[in-house]
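Structure record follows, encoded as structure tokens.
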Amino acid sequence: MFSSSFVIIFVVTVLLAALDFWVVKNVSGRILVGLRWWNEINDMGESVWKFECLDHESMARMNKKDSWLFWWTLYLSAVAWIVLGIFSLIRFQADYLLVVGVCLTLSIANIIGFTKCQKDAKKQIQQFASQTIASRFTSTLQSAFSVV
């Protein structure tokens, strides 16, 4: 709309997509769903996923509508890039597939990261619940046998 130069369109779009990636990964994900993820390379040279989530009480207080909005926009942004890729193929503008490829890669990276993080958070909540139930059960048994 504002420029017909592919280079300007590419640079501006990739910069905005990178900014969107960072904001979703580090700010929106933390505020709206209480999740954050990152990837590190350990001493052995292996890629290690790191996940961070809020505690159980804070997760329970999260607004369900905010969570719904976060997950839907996360997936719809990837769908939008796929649709734009199809349009660039139909219009025989293969150079714009490079823009779509970079932006789609960033969107998919966020989807994979947050999906893994959500699974890890659910596992942590289940472990917390089972530990709490087990500790209460053992304390109840101890108090019952100490009375007898």
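The values are calculated or read from the model by the stated rules, or taken from the named source; none is laboratory data. Quick caveat, the model's predicted, so the values are computed rather than measured. Using ideal geometry, Cβ is built from the backbone for each residue, glycine included, and neighbour counts are taken over all protein chains shown. All accessible areas refer to the heavy atoms of the entire protein, side chains included, with ligands and DNA or RNA removed. Shrake-Rupley method; radii C 1.70, N 1.55, O 1.52, S 1.80 Å.
Overall, the stretch 13-122 carries a charge dipole of about 400 debye about its Cα centre when +1 sits on the Cβ of Lys and Arg and -1 on the Cβ of Asp and Glu, all other atoms neutral. Computed on the stretch 1-46, the Cα convex hull volume stands at 104 Å³ per residue.
Working ranking of peptides 3-12, 34-43 by packing, defined as the average number of other Cβ atoms within 10 Å per residue, highest first, is 34-43, 3-12.
Ligands, DNA and RNA left out, the 1.4 Å accessible surface of the stretch 46-112 is 71% carbon and sulfur atoms.
Rounded to the nearest whole Å², what accessible area per residue is found for the stretch 1-118 with the 1.4 Å probe? Before the final figure, lay out the partial values.
Details: 7870 Å² over 118 residues.
Accessible surface, normalised per residue, equals 67 Å².
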